[in-house]
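To keep things clear, I will list the structure first and then write my remarks on it.
The values are calculated or read from the model by the stated rules, or taken from the named source; none is laboratory data. This is a predicted model, so every value here is computed, not measured. Glycine also receives a Cβ, built like all others from the backbone with ideal geometry; neighbour counts cover every protein chain displayed. Each accessible area value is taken on the protein alone, full model and side chains, heavy atoms only, with ligands, DNA and RNA left out. Shrake-Rupley method; radii C 1.70, N 1.55, O 1.52, S 1.80 Å.
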Amino acid sequence: MNQLAYPYALLLLLLPFLWRWLVPAAKGLHGDALRVPFIGDLEKISIQSGSLWRLSNNSAGWSRGIWLLYLVWFLLVMAAARPQWIGEPIRLKNESRDIMLVMDISNSMLEQDFSLNGRRINRLLAVKRAASEFLKKRTQDRVGLILFGTRAYLQAPLTFDKQSVNEILWSMEAGMAGNSTSIGDAAGLALKTIKDSRDPQNKIIILLTDGENNDGSLTLAQAIKLAQEEKVKTYTIGVGSDRNFFASMLGLQLGSGLDERGLKELAAATKGQYFRAEDSAGLQKIYDTIDQLEPTSRDDRFIQETHELYYIPLLAAIAAAMALAWAAGRAR
């Protein structure tokens with residue numbers, strides 16, 4: 001299929017006629033005609049045997065010269081309109097998402113209230129295992145990693161190199177980013193990092209913490225407002241069990257210190273979901289659920305092969321102008 005990229009450029013074809021109609025002829029010693037130095041040569045151009053052009057002083061030669069000039073103008077206007085050949089639409093599978101993992105590595109993540117194969121492990125180790133398995137499934141995605149405690153740090157920008165992200169994931173240690181918890185700063189950094197990547201439907205944030213926002217320059221309420229404005233879907237995960245071994249021996253019920261209300265508000269404001277993980281199996285199931293909620297195939301994009309053809313009328317215009325100039329030169 002052929003088309004013009006700038007079809008309105010064809011209006012320029014009327015410019016010579018409008019100019020002749022609107023601009024009055026010049027008056028002077030040589031009459032009312034507009035005097036142009038090379039018109040005398042154009043009047044003599046005619047096609048006869050033995051050469052491409054031959055000189056004559058008749059009106060046919062004048063008319064022929066004017067139309068040859070207009071042919072050059074026509075070809076130049078066609079080149080400016082950018083003729084193109086457009087191929088058939090081809091459906092593309094959009095098989096990737098931008099996923100920013102935001103993980104709490106404050107000292108509270110060392111709490112050993114998770115278990116693996118009958119052995120008690122800390123929360124951070126359980127998170128490493130579950131997140132690592134999640135990365136293996138997201139083969140077509142770009143993934144980034146932010147770790148936070150007192151401060152939030154971008155450890156891996158969005159990348160297809162999941163192996164490097166996984167290595168950073170396994171090397172993280174509790175307390176590396178400080179002992180307090182800056183959920184607001186972490187969410188803000190994630191939004192800033194992922195802001196300019198693709199369309200909102202293709203980017204998500206997965207924020208995991210076991211505490212509440214008790215440090216940093218950005219409050220959780222401010223982070224929620226920013227996330228809502230940016231329309232980046234955010235899944236929040238609260239980790240940690242309400243059960244404490246020593247407290248249960250004494251018959252006491254202790255809270256986890258987790259700000260579930262704030263995490264729920266953050267997820268709801270961005271059309272995401274909040275999850276609570278109290279054990280390793282539950283945490284793994286949460287990542288599996290998010291994996292299912294964010295499929296990697298969307299057949300909603302098309303491309304069309306495009307070939308530019310403007311050079312054809314452009315070269316033709318140059319050739320016609322050179323032939324006209326050559327003929328005019330021979331006429332002298």
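Below, the figures for the structure above:
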{"read-out": "Wholly enclosed strands (runs of 3 or more DSSP E) of the range 69-131 bearing at least 3 residues touching a residue at least 24 places away in the same chain (Cβ under 8 Å)", "value": "83-86, 90-92, 98-104, 114-116"}
{"read-out": "Scan of the range 268-282 for residues that are in contact with a Leu (Cβ under 9 Å, 6 or more places away or on another chain) and either part of a strand (DSSP E or B) or at pLDDT 90 or above (or both), ordered by number", "value": "G272, Q273, Y274, F275, R276, A277"}
{"read-out": "Restricting the range 153-184 to residues that are under 22 Å from G262 (Cα atoms), touching a strand residue (DSSP E or B) at 6+ places or on another chain (Cβ under 9 Å) and surrounded by fewer than 23 Cβ atoms within 10 Å (Cβ to Cβ), the residue that is modelled with the highest pLDDT", "value": "Y153"}
{"read-out": "Sole exception among (1) among the acidic types (D, E); (2) modelled with pLDDT under 90; (3) open to solvent by less than 90 Å² (accessible area, probe 1.4 Å) for D104, by number", "value": "(2)"}
{"read-out": "Test result for S197, of a type outside the set (K, R) and modelled with pLDDT under 90", "value": "yes"}
{"read-out": "Tally of residues being of a type in the set (G, A, S) and either touching a Gly at 6+ places or on another chain (Cβ under 8 Å) or in a loop (DSSP other than H, G, I, E, B) (or both) across the range 2-25", "value": "2"}
